[in-house]
Amino acid sequence: MADAGVTALLKEALALHQAGQLDEAGARYRAVLARAPRQFDALHLLGVVRRQQGDAPEAVRLIGQALAVNPDQATAHCNLGAALQDLGRSSEALASFEAALGRNANYPLAWSNRGNALRKLGRLPEAVDSYERALALRPNYPEAWCNRAIALLDLGDAQAALDSCERALREKQPYPEAACVRANALFQLREFDAALRGYDEAIAFDAQAPAAHTGRGLALLKLGRAQEALAAFDAALALRPAHAHSQRQRGDALLALGRRDQAIAAYTRARTLALEAGEDASQVEFALAALGVGAAPERAPEAYVKALFDQYAGHFDQHLTGVLGYRTPALLDAAIRRHVDRSDLAVADLGCGTGLCAPSLRPLARSLAGVDLSANMLAQARATGLYDELACADIGVWLAPQAGVFDLAVAADVLVYFGDLDALFGAVRHALRPGGWFCCSTEAGEKADYTLLPSNRYAHALPYLQRLAEQHGFKVREAERAVVRSENGAGIDGYLLVLQAH
C-alpha cells in the first residue's frame, strides 16, 4: 500500500507544478524522494522541473533514474529526449523519442519532437514526415506546423513553409516564433518589403526575440537601407551579445555603408566569438581575407558556398542573366563547339547549379551528370529533366572514384570559388579519358597566381592556368579573354579555357 504521506506530498507537488510554482514543486518532489527514493513520478517530474529551470544535465539524470524504475512510460522517454535535445545530443534524443513512440505510436508531441531531432541531424525529409505524422494525429498543433515550416525552409521550399506558418498562426496568436519563421519564408521568396513587415510583427509580439531583429536587418540590407540594418543588428546583439553570426552581419552592414575599418573590426569580433563558442569561423575569416586581413584560404569555405547558393536557388537564373549580365554558359558553349563535334559524350557538369549549362550540353551527351554543393540548386536542376544523374557533393570527392569515366567536363563560373586549382585540375584529369576535354571559366587575375577579391571571388592569372594545365597532362587548345559578367555596371573580364587531356 502506498504511503499516505508520500501520496499527499506528490499531490501537492503536482498542483504547484501545474501552477508554475517550480521551486515549491521541486521541494515537494524532493520530500517525496526523501521518503521513497525510487518513486517514479517524483523522479520523472522533478527532472521535468529541472529542465524547465534550465538544468538539462540534472533533468537527464533524474528522468534516467525514473526510467530505470519503470521503462515503459512513453511520456518519460519523450521528456528525456527533450532534455537531451537541449544539450545538443540529437542522436540520443532521437532514440528517446523513438522509444516513446514504440510505447505509444499515437503521441503527437513525440512525433513533433522526433522531427526536431531529425532536423538538427540534417535529415530534413524525415523531419517533415515526422511533423506530418504529428499533425495527422493533432491537426491544430501550432508548434508542429511551425517546425515543419523551418524544415521546409531548410529544404528550399519557401512557399510550402509560408503556408505552414500561416496555419501555425491561425492556430495560435500571438506566436512570435511562427511570425519570425513566416518572415524568413517571405525573405527566401525575395518579398523583402513583406518580410520586413513580418519581422516587425514578430518584434511587436516579442521585442526580446533576437532572431527577429537579425532577420529585420537582413531584409533592410536587401532593400538597400544599410544604416537601418546596422541598427537592427545592434538591437539583436544587445539581446545576444555573443552571437557570432549577428556580429558578422553587422560587419556586412558596415561594409555596405563603406565603413571598411569598422567592418573589419566587426568581422574580427565575430571570429573571436565563433572561436570562443567552438563554432566554425571559416566564413568570417574568408570575409576578412577578402578585405586583405589574413592570408587568403585555398578555396572558399564549403559552408559559405552552400549557404550562398541555397539562398539564391529560387531566383538564381534571373539574377545572373538579368542583374549580372552573365554570359559564361553561352561563351563556353561556343568555345566547346569550336573544338568538339560529337553527340555521344559522357559529360560532367561541375558545379552545375540550377542547370544553366544543361540545354547546351545535352545535345552533346549520351549521358549528362551534374554535381553541386547546394541541394536547393540541384532541385532546380532536376526540374529541367535534362540530367541523367545529379549529386550533392564536393566536386573533388565526387570525381575521385570516377577514373577515366568522362569525355567532357565543364565548370562554368565555378573556379571563382577556388584559389589554388592544383587539386581540382588533378581530379578532373583523373576523371577524363585520354583525349577528353575540360572547358572552364575563371575571372581574370593579373599578377599573383590567384587573388581573393573583395567580391569574395577568386581571380586567376593566365600563366598560372597554363602552367597547371601542362602539369596535369592537358594541352591548351584555347584561352580566350572575354567579359563574362558585369558588376555595378562594369564588365568583369575572365578567361575561357578549352583544355584537352593527353
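A compact table of results
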| read-out | value |
| --- | --- |
| First in segment 155-181 and of a type in the set (Val, Ile, Thr), second anywhere and open to solvent by 70 Å² or more (accessible area, probe 1.4 Å) and modelled with pLDDT under 95, Cβ under 7 Å, 6 or more apart | none |
| Options 112, 91; residue that is polar (S, T, N, Q), open to solvent by 60 Å² or more (accessible area, probe 1.4 Å) and closer than 25 Å to residue 146 by Cβ | 91 |
| Among residues of segment 159-186, those that are crowded, with 22+ Cβ neighbours inside 10 Å and either at pLDDT below 95 or not in a helix (DSSP H, G or I) (or both), counted | 1 |
| Segment 237-279, residues that are on the phi > 0 side of the Ramachandran plot and part of a helix (DSSP H, G or I) | none |
| Selected residue [in contact with a helix residue (DSSP H, G or I) (Cβ under 8 Å, 6 or more places away or on another chain), surrounded by 22 or more Cβ atoms within 10 Å (Cβ to Cβ) and either at pLDDT below 95 or not polar (S, T, N, Q) (or both)] from 22, 45 | 45 |
| Flag for residue 118 being open to solvent by less than 20 Å² (accessible area, probe 1.4 Å) and out of contact with any Phe, Trp or Tyr (no Cβ under 7 Å at 6 or more places or on another chain) | yes |
| Hits in segment 411-461 - residues which are assigned to a helix (DSSP H, G or I), open to solvent by 40 Å² or more (accessible area, probe 1.4 Å) and within 17 Å of residue 300 (Cβ to Cβ) | 422, 423 |
| Subset of segment 371-392 that is in a loop (DSSP other than H, G, I, E, B) and either open to solvent by less than 10 Å² (accessible area, probe 1.4 Å) or at pLDDT below 95 (or both) - its residue that is nearest to residue 437 (Cα to Cα) | 373 |
| Evaluation of residue 222 against (1) over 18 Å from residue 284 (Cβ atoms); (2) in contact with a helix residue (DSSP H, G or I) (Cβ under 7 Å, 6 or more places away or on another chain); (3) buried (at least 17 other Cβ atoms within 10 Å of the Cβ) (one fails), failing number | (3) |
| Index of the failed condition, residue 109 passing every other in (1) part of a helix (DSSP H, G or I); (2) within 20 Å of the chain's Cα centre (by Cα) | (2) |
| Residue 86 being of a type in the set (D, E, K, R), under 19 Å from residue 64 (Cα atoms) and surrounded by fewer than 21 Cβ atoms within 10 Å (Cβ to Cβ) | yes |
| Test: residue in segment 459-471 that is among the charged types (D, E, K, R) and touching a helix residue (DSSP H, G or I) at 6+ places or on another chain (Cβ under 9 Å) | no |
| Residues of segment 462-491 classified as on the phi > 0 side of the Ramachandran plot, out of contact with any strand residue (DSSP E or B) (no Cβ under 9 Å at 6 or more places or on another chain) and either in a helix (DSSP H, G or I) or among the small types (Gly, Ala, Ser) (or both), total | 1 |
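Residues are listed down the side, and each one gets a yes or a no for (1) among the small types (Gly, Ala, Ser); (2) surrounded by 19 or more Cβ atoms within 10 Å (Cβ to Cβ); (3) touching a strand residue (DSSP E or B) at 6+ places or on another chain (Cβ under 8 Å):
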{"position": "52", "(1), (2), (3)": "no, no, no"}
{"position": "57", "(1), (2), (3)": "no, no, no"}
{"position": "62", "(1), (2), (3)": "no, yes, no"}
{"position": "68", "(1), (2), (3)": "yes, no, no"}
{"position": "75", "(1), (2), (3)": "no, no, no"}
{"position": "81", "(1), (2), (3)": "yes, yes, no"}
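The values are calculated or read from the model by the stated rules, or taken from the named source; none is laboratory data. Since this is a predicted model, take the numbers as computed values, not measurements. Counting neighbours? That spans all protein chains shown, and the Cβs are built from the backbone with ideal geometry, glycine included. In case anyone asks, the SASA skips ligands and DNA or RNA and just uses the protein heavy atoms, side chains included. Shrake-Rupley method; radii C 1.70, N 1.55, O 1.52, S 1.80 Å.
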